[in-house]
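As structure tokens, the structure follows; a few thoughts come after it.
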Amino acid sequence: MKRKLAALIVSCISIFAAGTPPVPTLQFPPIEALKARDLYDTFDQMRGTAKHEAIDIMQPRGTPVHAVVDGVIAKLFLSKPGGNTIYLFDNAGVFCYYYAHLDGYAPKLAEGQHVSRGDVIGYVGSSGNANPNAPHLHFTIYALGPEKHWYHGTAINAFPYLLEMVQSPVKR
């Protein structure tokens with residue numbers, strides 16, 4: 001097990017060092033009935049003094065939110081800005097998928113739990129600093145560095161990946 005983990009870390013470091021950034025592969029939409037018309041690219045918009053670096057998907061409060069990949073719940077966290085949040089690492093430990101402003105978590109969801117793509121992991125809401133009258137899923141993808149910290153990564157715009165997914169649906 002330790003050898004496999006060491007090989008994985010070395011390969012991830014090699015990918016980053018070679019200047020070839022890894023490409024996330026979404027396996028399931030975060031909102032099951034997601035349509036192209038639901039998506040607006042807000043990644044580069046300013047929110048106060050910082051870039052948004054996420055996509056906001058407006059949905060009714062309580063809409064189920066799904067795991068976009070097979071992976072592990074790295075962190076369940078309550079923060080002032082994000083409210084109820086989930087940090088989902090893919091099985092390779094290369095990407096972190098961040099879900100924020102959730103109304104709540106799926107029953108029995110726990111840190112360290114393995115989830116499969118399509119599993120319900122939470123529910124759309126407006127927790128944290130979100131407008132209470134505008135429930136939405138705040139979603140982003142982070143490329144993790146070699147240290148694999150849930151709180152530190154390079155933000156990747158999820159919009160093109162989500163748009164491609166809903167425009168070219170495949171059997172899941």
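Listed here are the strands (runs of 3 or more DSSP E) enclosed by region 15-97 that have at least 1 residues being more than 20 Å from Leu109 (Cα to Cα): 55-58.
Would you check which residues across region 44-80 are at positive phi and surrounded by fewer than 16 Cβ atoms within 10 Å (Cβ to Cβ) and list them? Selection gives Gly48, Gly62. Considering only residues that are touching a helix residue (DSSP H, G or I) at 6+ places or on another chain (Cβ under 8 Å) and not polar (S, T, N, Q), look in region 41-66 and name the one that is nearest to Cys96 (Cα to Cα). Ranking the qualifying residues of region 41-66, first place goes to Ile55.
With respect to the conditions (1) under 13 Å from Val68 (Cα atoms); (2) touching a residue at least 40 places away in the same chain (Cβ under 8 Å); (3) crowded, with 17+ Cβ neighbours inside 10 Å, Gly128 falls short on a single one, namely (1).
You will find that of Ala143, Ala158, the residue that is out of contact with any helix residue (DSSP H, G or I) (no Cβ under 9 Å at 6 or more places or on another chain), surrounded by 16 or more Cβ atoms within 10 Å (Cβ to Cβ) and touching a residue at least 40 places away in the same chain (Cβ under 8 Å) is Ala158 and no other.
Residues that are at positive phi, in contact with a strand residue (DSSP E or B) (Cβ under 9 Å, 6 or more places away or on another chain) and in contact (Cβ under 8 Å) with a residue 24 or more places away in the chain occur at least once in region 110-120.
Per-residue answers, yes or no, for (1) under 21 Å from His152 (Cβ atoms); (2) out of contact with any Lys or Arg (no Cβ under 7 Å at 6 or more places or on another chain):
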{"residue": "Asn91", "(1), (2)": "yes, yes"}
{"residue": "Val94", "(1), (2)": "yes, yes"}
{"residue": "Tyr99", "(1), (2)": "yes, yes"}
{"residue": "Tyr105", "(1), (2)": "no, yes"}
{"residue": "Val115", "(1), (2)": "no, yes"}
{"residue": "Gly128", "(1), (2)": "yes, no"}
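A short reminder: the numbers here are calculations on the coordinates, not readings from a lab. Every value quoted in this text rests on a predicted model; they were computed, and no experiment measured them. No Cβ is skipped: glycine too gets one built from the backbone with ideal geometry, and neighbour counts run over all protein chains shown.
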